[in-house]
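Read through the structure below, which is laid out as structure tokens, and then see the notes.
The values are calculated or read from the model by the stated rules, or taken from the named source; none is laboratory data. Keep in mind that this is a model prediction, so the values were computed, not measured. Note that we place each Cβ from the backbone using ideal geometry, even for glycine, and neighbour counts take in every protein chain shown.
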Amino acid sequence: MISCSDAIGQLWNYLEGEVDEADRSVLEEHLKACRTCCGDLEFTQELNSVLANNASVDLPAGVHNRLVSFLSEL
């Protein structure tokens, strides 16, 4: 099984369908077993949805900077 760090590092690519079949299978097995990473996946899915639905909304600079910082930590 992959580590939580590796799983979290692949979430955005996973959601975008940009991981190969083998990596997807390994990641999905990890997500089935790890409640923490599963929660991170749910949060990432929700964030992705909010961003996609509000792409034309200008964020205040402080919010944008915090979001970029947060995402870079994932």
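What the table below lists for this structure:
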item: When residues of the range 1-19 are limited to those that are without any contact (Cβ under 8 Å) to a residue 12 or more places away in the chain and among the polar types (S, T, N, Q), the one farthest from Ser72 (Cα to Cα); result: Ser3
item: Those helices (runs of 4 or more DSSP H) lying entirely in the chain with at least 1 residues over 16 Å from the mean Cα position of the chain (by Cα) and among the small types (Gly, Ala, Ser); result: 21-33, 61-73
item: When residues of the range 6-28 are limited to those that are under 24 Å from Val68 (Cα atoms) and not hydrophobic (A, V, I, L, M, F, W, C), the one modelled with the lowest pLDDT; result: Glu16
item: Tally of residues being free of Cβ contacts under 8 Å to residues at least 40 places away in the same chain, under 15 Å from Cys4 (Cβ atoms) and hydrophobic (A, V, I, L, M, F, W, C) across the range 20-74; result: 9
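Residue-wise test of (1) loosely packed, with under 10 Cβ neighbours inside 10 Å; (2) modelled with pLDDT under 80; (3) touching a strand residue (DSSP E or B) at 6+ places or on another chain (Cβ under 6 Å).
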{"position": "His30", "(1), (2), (3)": "no, no, no"}
{"position": "Cys37", "(1), (2), (3)": "no, no, no"}
{"position": "Asp40", "(1), (2), (3)": "no, no, no"}
{"position": "Gln45", "(1), (2), (3)": "no, no, no"}
{"position": "Ala52", "(1), (2), (3)": "yes, no, no"}
{"position": "Ala55", "(1), (2), (3)": "yes, yes, no"}
{"position": "Leu59", "(1), (2), (3)": "no, yes, no"}
{"position": "Asn65", "(1), (2), (3)": "no, no, no"}
{"position": "Phe70", "(1), (2), (3)": "no, no, no"}
